[in-house]
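The values are calculated or read from the model by the stated rules, or taken from the named source; none is laboratory data. Everything numeric in this text was worked out from a predicted model, so none of it was measured. Quick reminder, even Gly has a Cβ in these numbers, built from the backbone with ideal geometry, and neighbours come from all protein chains shown.
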């Protein structure tokens, strides 16, 4: 493969199972645009003009292979009928439903997946994707994020803070609804012009072989629709502890998508005998702790990253979710510039 390939060409090759000559550098830097545009986060998330403007400005500094057009883990619950109470920009919103339900049950007023696609800020997200896709001479990837089905099911049923959560604890109705919503959201963003859809599972419960199979079946429609549009599907798994706990059962399977793992998990696993993951194209996830103002975790990371990149040959390098809006841009650029980007 020639190194002169554009990011879009490398992503197309990945769909055929061809690793890029270097990892695609795809940090998720989205809500930080509110700071760039000097507006509150809530106002920013509803303004496609300011979002698109900030994305163009930030990409020139980040030198990334893709632009994070819309990444909000609460987009789906709002579209399904919840009201989000934002206490501050650096804390997750509080979710309120018109008809609250007991923990473990679906709210009684949830919109249908078809209604959700046109609800909340979903039209805003689609408009941002259209605008970025329409830029002349575009060679970068247009990216968007959707919440994974288990994470969304846990959020809908108020079980996301259950530290001993098993996938069996989530009702079938919640999981089926979540999977359908994920697929509908992905389809909407693909129709708007997205080149890459990142399915973010922030809640990964302990799996048995049977429950892992059920999870794969939940993910399959979304992954298939992304590939149908000839876009790149990426499954992002966090946190590290859950990935390590489920490592064996997850990698007993082949995947039709890039599977992105936290750098901590990969660093830990490379010391064991189960280093290789045949049949799986891997991505590397940088933990958000790296971007804290105190710089904790940066020292010694770059050498470790170089070893991991050389040994694992990840197809992409991204971040464990959206870089916080409170992040200092100069510090962010400094960290990102020190990340090895070549194999």
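Among the residues of region 285-300, which ones are under 17 Å from residue 341 (Cα atoms) and either modelled with pLDDT under 75 or assigned to a loop (DSSP other than H, G, I, E, B) (or both)?
Answer for region 285-300, where residues must be under 17 Å from residue 341 (Cα atoms) and either modelled with pLDDT under 75 or assigned to a loop (DSSP other than H, G, I, E, B) (or both): 287, 298, 300.
What do you reckon, is residue 84 under 29 Å from residue 6 (Cβ atoms) and at pLDDT 90 or above?
The answer is no for residue 84.
What's the number of the condition residue 162 fails, among (1) farther than 24 Å from residue 237 by Cα; (2) free of Cβ contacts under 8 Å to residues at least 12 places away in the same chain; (3) part of a loop (DSSP other than H, G, I, E, B)?
(1) is the only condition that residue 162 fails.
Of everything in region 138-154, what is surrounded by fewer than 24 Cβ atoms within 10 Å (Cβ to Cβ) and either in contact with a helix residue (DSSP H, G or I) (Cβ under 6 Å, 6 or more places away or on another chain) or outside any helix (DSSP H, G or I) (or both)? Give them in sequence order.
Those that are surrounded by fewer than 24 Cβ atoms within 10 Å (Cβ to Cβ) and either in contact with a helix residue (DSSP H, G or I) (Cβ under 6 Å, 6 or more places away or on another chain) or outside any helix (DSSP H, G or I) (or both): 138, 139, 140.
Could you check region 42-61 and list, in sequence order, the residues that are closer than 18 Å to residue 198 by Cβ and surrounded by fewer than 19 Cβ atoms within 10 Å (Cβ to Cβ)?
Residue satisfying the conditions is 59 alone.
So which strands (runs of 3 or more DSSP E) are wholly in region 15-130 and hold at least 2 residues that are in contact (Cβ under 8 Å) with a residue 60 or more places away in the chain and either more than 27 Å from residue 228 (Cβ to Cβ) or in contact with a helix residue (DSSP H, G or I) (Cβ under 9 Å, 6 or more places away or on another chain) (or both)?
Answer list for region 15-130: 66-70.
Could you please give the count of residues in region 91-110 that are within 23 Å of the chain's Cα centre (by Cα) and surrounded by 11 or more Cβ atoms within 10 Å (Cβ to Cβ)?
Selection size over region 91-110: 4.
Looking at region 63-79, is at least one residue surrounded by fewer than 18 Cβ atoms within 10 Å (Cβ to Cβ), over 23 Å from residue 287 (Cβ atoms) and in contact with a strand residue (DSSP E or B) (Cβ under 8 Å, 6 or more places away or on another chain)?
Within region 63-79, not a single residue is surrounded by fewer than 18 Cβ atoms within 10 Å (Cβ to Cβ), over 23 Å from residue 287 (Cβ atoms) and in contact with a strand residue (DSSP E or B) (Cβ under 8 Å, 6 or more places away or on another chain).
Within the bounds of region 159-181, is there any residue that is surrounded by fewer than 16 Cβ atoms within 10 Å (Cβ to Cβ), in contact with a strand residue (DSSP E or B) (Cβ under 9 Å, 6 or more places away or on another chain) and over 16 Å from residue 71 (Cα atoms)?
Within region 159-181 (the criterion being surrounded by fewer than 16 Cβ atoms within 10 Å (Cβ to Cβ), in contact with a strand residue (DSSP E or B) (Cβ under 9 Å, 6 or more places away or on another chain) and over 16 Å from residue 71 (Cα atoms)), the answer is yes, since at least one residue qualifies.
Return a yes/no flag: does region 160-178 have any residue that is closer than 18 Å to residue 26 by Cβ and modelled with pLDDT of 95 or more.
No, that holds for no residue.
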